[in-house]
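The values are calculated or read from the model by the stated rules, or taken from the named source; none is laboratory data. Since the structure is predicted, the reported quantities are computational estimates derived from the model, not experimental observations. FYI the Cβ positions are ideal-geometry reconstructions off the backbone, even for glycines, and counts take in every protein chain you see. These accessible areas exclude ligands, DNA and RNA; they are computed on the full protein's heavy atoms, side chains included. Shrake-Rupley method; radii C 1.70, N 1.55, O 1.52, S 1.80 Å.
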Amino acid sequence: MPVSRRKARELALQVLYQIDFTKQSSKDALQLFHNHFYPNKEPDEYTNRIVQGVEAYREEIDRLLRKYSENWSLERMSPVDRNILRIAIFEILWCFDIPPKVSINEAIELGKKFSTEKSSPFINGILDKISHSEKR
């Protein structure tokens, strides 16, 4: 049974965080994560879509993060915030079935759940700029 998209984003965040530190491919990271935490379930399609999409467009996503995060280098961002932003940017620019406002709101909620109280305004500011400035 598929998980909700919110849960899929949470799982994708965990896998992307893992990739940041291990430098594994998305395929290897997804397989390891799934085998370790969900060995008796089918992999979630939306989680896979996010992780593989972020990997496929990572160079462009990170270029946009650098462009729109004034006074913040990509390396200076917390790994959690950086990967929440990557998920949302992927959805905003390449997931035409998801309205940008939904992606932004979901990213803010991820920030509230997994990061600090300062992350939500930071995430919102960057994603708002990107959603209004970049073409889908």
**Asked** Is it fair to say Glu59 is in contact (Cβ under 8 Å) with a residue 40 or more places away in the chain, farther than 21 Å from Phe114 by Cβ and open to solvent by 40 Å² or more (accessible area, probe 1.4 Å)?
**Response** no
**Prompt:** Based on what the data block shows, is Phe114 out of contact with any Pro (no Cβ under 9 Å at 6 or more places or on another chain), within 16 Å of Asp20 (Cβ to Cβ), surrounded by 14 or more Cβ atoms within 10 Å (Cβ to Cβ) and touching a residue at least 40 places away in the same chain (Cβ under 8 Å)?
**Reply:** yes
**Item:** Pair list, Cβ < 6 Å and 6+ apart or interchain, from segment 119-136 residues that are farther than 13 Å from Leu93 by Cα to residues that are in a helix (DSSP H, G or I) and open to solvent by 40 Å² or more (accessible area, probe 1.4 Å)
**Value:** Ser120/Lys112
**Request:** Determine if segment 85-98 includes at least one residue that is within 17 Å of Ser131 (Cβ to Cβ) and open to solvent by 90 Å² or more (accessible area, probe 1.4 Å).
**Result:** yes
**Message:** Name the residue that is farthest from the chain's Cα centre (by Cα), counting only residues in segment 117-136 that are open to solvent by 60 Å² or more (accessible area, probe 1.4 Å) and among the polar types (S, T, N, Q).
**Reply:** Ser133
**Asked** When the residues of segment 62-72 are filtered to those that are charged (D, E, K, R) and open to solvent by 30 Å² or more (accessible area, probe 1.4 Å), which remaining residue is nearest to Gly125 (Cα to Cα)?
**Response** Glu70
**Request:** Give segment 9-43 a look and list any residue that's open to solvent by less than 40 Å² (accessible area, probe 1.4 Å) and either free of Cβ contacts under 8 Å to residues at least 40 places away in the same chain or touching a Lys or Arg at 6+ places or on another chain (Cβ under 8 Å) (or both), or say none.
**Result:** Glu10, Leu11, Val15, Leu16, Gln18, Ile19, Asp20, Ser26, Ala29, Leu30, Phe33, His34
**Message:** Condition first: hydroxyl-bearing (Ser, Thr, Tyr) and crowded, with 20+ Cβ neighbours inside 10 Å. Can you find one or more residues in segment 103-110 that meet it?
**Reply:** yes
**Residue list for segment 73-84, restricted to those being surrounded by 15 or more Cβ atoms within 10 Å (Cβ to Cβ) and without any contact (Cβ under 8 Å) to a residue 24 or more places away in the chain** = Met77
